Every structure is written in C-alpha cells, then in structure tokens.
Amino acid sequence: MSQALVIVAHGSHLNPDSSTPTFDHADTIRASGAFDEVREAFWKEEPSFREVLRTVEADEVYVVPLFVSEGYFTEQVIPRELRLEGWDVEQWDSDGTSASHTTLTATDVAGKTVHYCGPVGTHDAMSDVIVQRAESVTGDPEVGEGFGLAVVGHGTERNENSAKAIHYHTDRIRETGRFDEVEALFMDEEPEVDDVAEFFESDDVVVVPLFIADGFHTQEDIPEDMGITDDYREGYDVPATVDGTNVWYAGAVGTEPLMADVVLERAAEAGANVGNAISRVRAETGGVVGD
Amino acid sequence: MKASLSESLRGAATYARSVVSLVHAGAGLYHERTTWRDLPETRRAFLQWVEGSDERGLGERYAMLVDGGISRTWGQLLVTTRLASDGRRRYDLRHEADADGSLDDLSVYTDPLAARHLATETDDGDYRPLKTAPTLRTGWVFPDLSGEQLVQAVDFFYPATVANWHREQQGDLDVTHWRETAERQTGIYDIVDELSGEQVEWLAESCCVDSQCLKRRQWDEDADTELDVPRGDGEFPCREPCSVVVAAARNWAVLEGETEREYTLTLTPSEKNQLEDIIEAVADGRTDEIREADVYDGANRYRARWLRAKRFDEEGGLAGGDAADDE
Ligand code: SF4
C-alpha cells in the first residue's frame, strides 16, 4: 500500500511568503522518506483543495491541515472542497481542541482512502513548538527562568475554537513550570497584546503568535500594536524594550522547523506508517528525541 | 583504389553508426515496452505525449529520440526527450523562450522541487498567484530528469494540469460550471452567485483568455449556457473557476451592487481618446513598454501627468458635475 501526505494550508493571492512554511515542512518530511508522496495544497494557491487528490498516486492519503485551530476551514471549507464523502464534524468528536482524525473516501478519486486529520495547531506537540520558538528567538535552549511567555492569537474570529487553542497551549506550557509566567493574549480582544508589559511581572517576555505563516498580522500589526516599532518597515529589535519590559518577539510559530514533527505526528496517529521518521525529524529540527 | 577504400570505410562507418543507432533505439523500445507497463497510467500517458506518440510512427519517433531528441511544449514549458545509451529516457525541461539557451547561459537545476520556487515570481520579481498565467520566469533548465521527476516538476509549475489533461483524454473530465461553483461558496464569497450571465462573460474575458491564463477554459455559465468568450488554445483544460477568479468575482459582485449615476465631464476629444488609451494599456499590461518620451501614446506617463494637472480638482479627482449632486 503506498501512502501520500497532503498538507493543506491557506496560501495567499498577494503574499508569496504565506506558503513558504508549508513548502519547508513538506520538504523536511519528503527528505525523511516517510511517505511515497508529499504534496502541498492551498485555498488560495495551486494545487487547489479541489484538485489535489487527483495529483497523488497513492491509495492511502493522509490530509493534515496546516491551520491553527478547528473551525470554518477545517470543518467546512476543506472537507467540502476535497469532496469528502459523508463528512460530519461529529466524526472528530472534538471539544474544540481534540480532533484527531477520521477515515473517509472522496468523490473526486475512486479507490483512495482519505484520512482526514485535525489541524496541527491543536496537537499537543504544538506546545513544544511554541517553547522551541522561544528558544530560537532568545538563542537560549534553557530559556524559562526569569522569563514570561505570551502566546498570541487573533481573537474574535468566526468561532470560539481559535481562542480555545491559544488557552489550551498556554495552560499546558504553564503546567510544565518552565517559565515564570505564561499568558494568552489576543490581537482583537481582551487581554490585548497591545498592553503586553502590563500582564507580566518578569523583565523579559517572549511573545509567540500562534500563526502558521508570517504576513500582515505578524509582521505589521502585532509589532506596531505592542510598540516594539513605530513603523513595521523599519523592523524591530529583539529584544525591544517597552515600558521597561524586554519583549522578545518571535514571529509566526508556524515557521519553526519543528512544525514538521507535528504534521508527522498527526498523520501517524491517523495510521500512517512513518517508521522512525518522527524521532529523526525531531532530532533534525531541534526537538527532544523520544519525547 | 584509394578512393574506393575510403569510400568503403565511410560506408562501413555509416553502417556501424546505423547499427549503433538501431541497438540504441532497440534498447529504448524494450524499455518502453517493459518498464513503462508498471507506471501509473497518468504518468505513462503524459510521457508518451511529450514524445509525440500520437503524432508520429514508431520508426520516426525512435530515429528522432536517438538523434537530437523530441521537443514539445506544455504551456510555456519546453520538454525535450532523449534516449540515454542504456535505452532509458532522459528529459530536458526549460522555458520555451530558452529553447536555444546553452547550459552555460541558464541556471541548471537537478531537483524537481526547485520548480516550486521558480514558479513563484515573474522575471520582474512579481508574485504569480496564478500558476498558469503566461508569465513564467526564464533563465533556468533541468537538463537531465527521469520521467518521474519530469512529471513532478511539471506538476509544480502547473499543478494538476497533467491529471486533468489525462482525465480529458479519457473522456471523463469533470467540469464544474460557474453557477455550481458560485453556489457552493460560503463566508465572504457567498455573494459571487449574484453575478448575472453577462457579468460572468466579463469575468471570463477579464481573467481566462489566453493572454491571461494558459488553461483552456472548459467551464461555462452552466452546462446549458455556453459563454461567448474564447476558451483558449491551451493543451490542458481548466475544469472549474479557480480561486483567483472567485476572489475577483467577489469584488466585482460588491462593486456591481452600486447604482449607476450620470456624470458631466468636460474633455477634449483627444482627452477622451487618452482615457481609453490608458484603460487599454493597463488592461493589456502594456504600461512598461511605453517609452519615456513617447508623448504620442495616450498612456505615456507625461501625458497622464498633464491630464491630471489639467483636469483634477483640489480633491484629487476628475472635476465634473455629478448628476446626483444637483438633485
Ligand atoms: S478559471 Fe480562468 S484564470 Fe482561473 S485557471 Fe481557469 S482559465 Fe485560468
């Protein structure tokens, strides 16, 4: 039985960087050799969700959404556009952050089995990626003591699950006790990222947006809202001092190489035979092996 | 005596060459008849197509494969098939505009994955959201791909075109027409189904003709209502309005919701012609070609600046009476 991995992501008509993390993580997984085929597909780029299944030759197809939360895209748009037969969100039996996978067929392609996975953003391993992002931006593999960590989401979106995903990881990381403080902040609702310094006692705060790709929100809005720059075009310092707090702004967590591991874990949980690729990819992308 | 010796040596050399060619072609044919049997059908059909097995007989095809190779274009891609000495096919893939470029002049790539990055921007560095726009950048070559790598690279340049072309060849291309696509949309695209048949014509004329997209449009307003806009001559079909077209349609659905008003503008006949020139130049993507000092072209920058200096009011717009303002 040959198996293919299809990574589905948003993409953009305007910003070429939007698909870069998708390509990068796909390449890491290709190089691991875990799948016979790996293909990227996009809502706004090509191949489209509508046509990607016909481009893969394998009989077993694992579809992993590179989205941060369950919601409009994972529940409506992707299943509809992939033409998943008999899809019902109940099949995920999710509380908003616990979707794992379901097995279906697609009317677009005869004879293929499609394993439709939950989004990467709500997988437990995503907490590790957030922490790894903090390590990358501070250059300190032990970062934690004396530091606060802010996990930032969009807020007030089409559904409440996006905030749930932020709180989910915030709670998980807080429970590890690694950072002095861990808080969830949002762009468009309280508590707002604008006032980041107010929510932390620590002198140093790492700010990690739970976004898949860098773009308008992570490169322009959040840096300006936090006041680490007056004009995003001029860039910002890392760390930058705002109201006496050193803000270490990490940019979109989705660009962290360890994200490839989350994609693999999703597919493996859905039944893909990935051999020891998970530990190899974790080792390669800086994650903890055998975790 | 001498002459006849050299003649027979030449004859022997030609004969030997033709024997070598024959063995070479034989190895190629053997390869085609054995290894290709196990290839997935779509891939095999495409590899046969690129060497024109639909256009020429076996003898001619192998003579060409051994001697110089067979070239065919797929959109702006140029594929040349040759037989390696072991009888396997090797493929050269490049932009058709670089047909005569030597490997020294072009950037040489070996990994098909590079195609994804080559497809991202035009020669001018502009982002290409529509992969089948006729704006593929030039200056690169994959000189030595296997069949599998070729198909992979082509699928990165023009995603899903091989799969859709093959379905069409088999007579089972699943076309989704405008109405069905529009009605399926949700969220901010929910309103695209408000476009009338005439507006869908304009949509296809704006985005889908050959000067804008190399796919051959097979979708219509619906299965019973053909659009008049030319479908295009592309090798590979477009089976459904793409995301670029749906996103554009959304904006037009919003803009077309405005009611028309009458404006009274004062222009000389040349100025009216000039407005038309400017619209034509932008619509045809010709503004870059207009020479700096060619003030005879209505879309020339100096001409446009003159018109702005003369006709714009303090608010930075065309000064003119709006019929609605007088009511
Ligand atoms: S809908 Fe039009 S622009 Fe889009 S791919 Fe098809 S032919 Fe090209």
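The values are calculated or read from the model by the stated rules, or taken from the named source; none is laboratory data. Note that the coordinates shown come from a computational prediction; the quantities given were computed from them, not determined experimentally. A quick note on method: Cβ atoms are made from the backbone with ideal geometry, for glycine too, and the neighbour counts reach across all protein chains shown. To get the accessible areas, we keep the full protein, side chains included, count just its heavy atoms, and leave off ligands, DNA and RNA. Shrake-Rupley method; radii C 1.70, N 1.55, O 1.52, S 1.80 Å.
A few comments on the model shown:
- Shielding of B:40-49 by partner chains, average beta-carbon count, 10 Å: 1
- Taking a Cβ cut-off of under 13 Å around B:Leu77, the surrounding Lys, Arg, Asp and Glu residues balance to a net charge of -1, with basic ones at +1 and acidic ones at -1.
- Amide hydrogen neighbours beyond the local backbone of B:Ala160, cut-off 5 Å, H modeled: none
- Placed amide H near A:Ala9: partners under 5 Å, 5+ positions off or other chain: A:Ala41, A:Phe42, A:Trp43, A:Leu66
- Inter-centroid distance (Cα atoms) of segment A:21-45 relative to segment B:209-285, Å: 35 Å
- Sorted largest first by accessible area at a 1.4 angstrom probe radius, with every protein chain in place, the residues B:His177, B:His117 fall in the order B:His117, B:His177.
- Separation between Cα centres of segment B:20-41 and segment B:110-164, rounded to whole Å: 27 Å
- Per-residue [θ]222 nm for chain A (sum of -39500 (n - 2.57) over DSSP H runs n ≥ 4, rounded to 500): -7500 deg cm²/dmol
- Peptides ranked, highest mean first, by Cβ atoms within 10 Å: ranges B:275-285, B:185-195, A:251-261, B:77-87: A:251-261, B:77-87, B:185-195, B:275-285
- Cα gyration tensor, segment A:125-255 - rounded (a/c under 1.5), prolate or oblate: rounded
- HN-Hα J in Hz across segment A:132-138 - Karplus 6.51, -1.76, 1.60, θ = phi - 60°, x for Gly and Pro: 4, 5, 5, 5, 4, 6, 8
- Proximal lysines relative to A:Lys112, as straight alpha-carbon distance under 29 Å, when same-chain residues fewer than 8 apart are discounted: A:Lys44, B:Lys131, B:Lys215
- Ranking A:Thr156, A:Val137, A:Gly177 by how far each Cα lies toward the positive end of the dipole of segment A:121-177 (charges on Cβ) leaves A:Thr156 at the top.
- Converting phi to 3J(HN,Hα) with the Karplus coefficients 6.51, -1.76 and 1.60 and the offset θ = phi - 60°, segment B:14-31 yields 4, 4, 4, 4, 5, 5, 4, 4, 5, 5, 4, 5, x, 4, x, 5, 4, 4 Hz in sequence order, with x at every glycine or proline.
- Placing +1 on the Cβ of every Lys and Arg and -1 on the Cβ of every Asp and Glu, with no other charges, gives chain B a dipole of roughly 2660 debye about its Cα centre.
- Burial of 20 Å² or greater, segment A:12-29 residues [accessible area, probe 1.4 Å, versus chain by itself]: A:His13, A:Pro16, A:Phe23, A:Asp27
- Put simply, when A:69-81, A:27-39 are sorted by average Cβ atoms within 10 angstrom per residue, most first, you get A:69-81, A:27-39.
- Calculated from backbone phi, Karplus (6.51, -1.76, 1.60) coupling profile of segment B:124-131 in Hz, x at Gly/Pro: 8, x, 7, 5, 10, x, 9, 5
- Averaged over A:52-59, number of beta-carbon atoms from partner chains that fall within 10 Å: 4
- Computed lengthening from A:Glu160 to A:Glu269, 0.36 nm per intervening residue step minus Cα-Cα distance: 36.7 nm
- What a 1.4 Å probe finds exposed on chain A is 43% carbon and sulfur by accessible area, rounded to a whole percent.
- Candidate residues B:Trp202, B:Trp49: accessible-area rank, largest first, probe 1.4 Å: B:Trp202, B:Trp49
- Dipole of segment B:10-169 [Lys/Arg +1, Asp/Glu -1 at C-beta], most positive-end residue of B:Gly147, B:Leu118, B:Pro40: B:Pro40
- Rounded, prolate or oblate (a/c below 1.5 giving rounded, otherwise prolate when a/b exceeds b/c) for the protein assembly as shown by Cα gyration tensor: oblate
- Here segment B:263-327 is treated with +1 on each Lys and Arg Cβ and -1 on each Asp and Glu Cβ, and its dipole about the Cα centre works out to around 400 debye.
- When only the Cβ of Lys, Arg, Asp and Glu is charged (+1, +1, -1, -1), the dipole of segment A:125-255 relative to its Cα centre reaches about 700 debye.
- Accessible surface of chain B [probe 1.4 Å, protein heavy atoms]: carbon and sulfur percent: 49 percent
- The residues of the protein assembly as shown expose, per residue, 47 Å² of accessible area to a 1.4 Å probe.
- Projecting the Cα positions of A:Thr245, A:Ala260, A:Asn276 onto the charge dipole of segment A:230-291 (unit charges on Cβ atoms of Lys, Arg, Asp and Glu, taken about the Cα centre) puts A:Asn276 furthest along the positive direction.
- Considering helices alone, the calculated mean residue ellipticity of chain B at 222 nm is -13000 deg cm²/dmol, with DSSP H runs of length four and up weighted by -39500 (n - 2.57) and normalised per residue.
- Mean-position separation - Cα centroids, segment A:259-288 and segment A:120-135, in angstrom: 13 Å
- 5 angstrom amide H check on A:Tyr249, placed H, neighbours 5+ away: A:Val207, A:Ala240
- Shape category assigned to segment B:205-327 from the gyration tensor of Cα positions, a/c cut at 1.5: oblate
- Number of partner chain Cβ atoms within 10 Å, mean per residue of A:37-45: 3
- For the chain pair A and B, buried accessible area totals roughly 2600 Å², probe 1.4 Å, rounded to the nearest 100.
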